[in-house]
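K.L.:
Sending over a structure as structure tokens; questions will come in a sec.
Just so it is clear, none of the values below were taken in a lab; they were calculated from the coordinates. These numbers were taken from a predicted model, which means no experiment stands behind them. Ideal geometry is used to build each Cβ from the backbone, glycine not excepted, and the neighbour counts take in all protein chains shown.
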Amino acid sequence: KLFFDGSKCQQGGGAGFVMIPPWGTPIPVAHKLNFECTNNMAEYEALVLGFQNAINLGARHIDIFGDSELIINQVTGVYQCKNDILQKYRDIVLAQLQSFDKITIQAIPRTANRFADTMASLASLIPPFTEDSRLYVAVQRLDQPSHLGQLTSINAVTTHTQDEWYQQIVDYLSHSVLPPDLTSNGRRSFVQRANRYTILGGILYKRGFD
């Protein structure tokens with residue numbers, strides 16, 4: 001499954017999507033759009049980037065959900081695309097669709113798309129990035145109040161940054177880039193392993209519990 005959404009505000013544009021692969025662990029991704037765009041362009045960016053992520057994961061069947069009826073209906077051919085820029089986006093999406101054996105595309109209420117909407121809104125609200133800067137956000141689950149003494153902890157990974165596995169996980173968490181030449185099962189195992197880590201201040205940490 002792929003949920004996508006775009007956002008445009010005074011601070012800029014954002015594209016967000018949430019991949020839910022067969023093994024069930026959501027993969028949320030937010031992109032700050034460092035260029036002038038409309039809300040519809042941001043929506044298309046989210047869809048294009050989400051499709052590319054699914055292609056990188058080796059998906060062959062995909063269900064698409066978005067709250068923009070305009071984008072959904074343009075992609076499915078219900079609406080004509082009269083805007084030249086949006087037509088180019090639509091052409092990219094149609095080309096990406098050729099990578100899948102089975103596709104469903106469905107418009108859903110915004111209330112059913114809150115996860116992707118949150119990612120898009122977050123990206124749009126943060127200040128524009130410089131070329132070499134990134135923002136890392138860690139969201140962790142807390143099952144009990146902190147005063148009860150059971151706090152989630154994360155352990156810094158001290159392995160040298162040149163180690164291949166370290167860099168592969170950093171690349172995936174930072175850019176959704178998977179190592180090349182992985183099988184379908186290999187991609188699944190790698191994503192599950194990478195999701196045990198997080199990046200804070202440019203440092204890779206392994207999640208754990210005290």
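K.L.:
Past 25 Å, Cα to Cα, is the threshold; run K8/K88; K8/K102; K1/K32; K32/K88 against it and keep the listed order.
P.N.:
From K8/K88; K8/K102; K1/K32; K32/K88, over 25 Å: K8/K102.
K.L.:
If we count every other residue with Cβ under 15 angstrom of P22's Cβ, Lys/Arg +1 and Asp/Glu -1, where does the sum land?
P.N.:
+3
K.L.:
Taking amide hydrogens as modeled 1.01 Å from N in the peptide plane, which residues meet the under 5 Å criterion relative to I105, leaving out close sequence neighbours?
P.N.:
I64
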